[in-house]
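Undergrad: I have a structure here, written as structure tokens, and I will follow up with some questions on it.
The values are calculated or read from the model by the stated rules, or taken from the named source; none is laboratory data. Worth saying up front: this structure is predicted, and the values here are computed from it rather than measured. Cβ placement follows ideal geometry from the backbone for every residue including glycine, while neighbour counts extend to all protein chains displayed. Ligands, DNA and RNA are stripped out before the accessible areas are found, and what is left, the full protein with its side chains, is counted by its heavy atoms. Shrake-Rupley method; radii C 1.70, N 1.55, O 1.52, S 1.80 Å.
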Amino acid sequence: MTSTMEFDRELDTSGLNCPLPLLRLKKTLNEMASGQVVHVIATDPASVLDFGVFAEQTGNAILNHREHGGVFHYWIRKK
């Protein structure tokens, strides 16, 4: 699957289960500047709920979310 969405960093959490994808996302966002976008790749189905709640609570924005063949892709903009 390819995407034309632009991003500043890519984070591949494939094979990791909750809470590791969320913890890796938090660490990556802490290293990024406001307004930058991270493309996260995850295989944990719980990431849909985890990332959604995280974005809601922190003010970071999920710009797009796609699932293809059990692989989840998120584009998240740091607030």
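Undergrad: With charges only on Cβ, +1 for K and R and -1 for D and E, what is the dipole size of the chain about its Cα centre, in debye, rounded to 20? Please list the in-between numbers first.
TA: Details: 8 positive and 9 negative charges, 44 e Å.
Taking the Cα centre of the chain as origin, the dipole is about 200 debye.
Undergrad: Please list the non-local residues whose amide H lies under 5 Å from the amide H of ASN60, H modeled 1.01 Å from N, same-chain partners needing a gap of 5 or more.
TA: Here the answer is LYS79, since their amide H atoms fall under 5 Å of that of ASN60.
Undergrad: Can you list residues whose amide H is under 5 Å from ASP8's amide H, if they're 5+ apart or on another chain and H is modeled 1.01 Å from N?
TA: Close amide H contacts, sequence-distant or interchain: VAL37, VAL38, HIS39.
Undergrad: Now for a separate question. Apply the Karplus curve 6.51 cos²θ - 1.76 cosθ + 1.60, θ = phi - 60°, to the phi angles in the stretch 8-23 and return the couplings in whole Hz, x for Gly and Pro.
TA: Result, ordered by residue: 9, 9, 10, 10, 9, 10, 3, x, 8, 10, 3, x, 4, x, 5, 5 Hz.
Undergrad: How much accessible surface does VAL48 have with a 1.4 Å probe, in Å² rounded to 10?
TA: 70 Å²
Undergrad: Relative contact order (percent) for the chain, with alpha-carbon contacts under 8 angstrom and 6 or more residues of separation?
TA: Values: 134 pairs, mean separation 26.7, N = 79.
Dividing the mean separation by the residue count of the chain yields 34 percent.
Undergrad: Could you state how much accessible area GLU10 has, in square angstrom rounded to the nearest 10, with a 1.4 Å probe and all protein chains kept in place?
TA: 110 Å²
Undergrad: Right, something else. Apply the Debye scattering formula to the chain, with a single equal point scatterer on each alpha-carbon and no solvent, then give log10 I(q)/I(0) at q = 0.20, 0.24 Å⁻¹.
TA: -0.80, -1.20
Undergrad: Report the antiparallel proportion of the DSSP beta bridges in the chain as a percent, rounded to a multiple of 5. The partial results should precede the final answer.
TA: Numbers: 13 of 17 bridges.
The antiparallel proportion sits near 75 percent.
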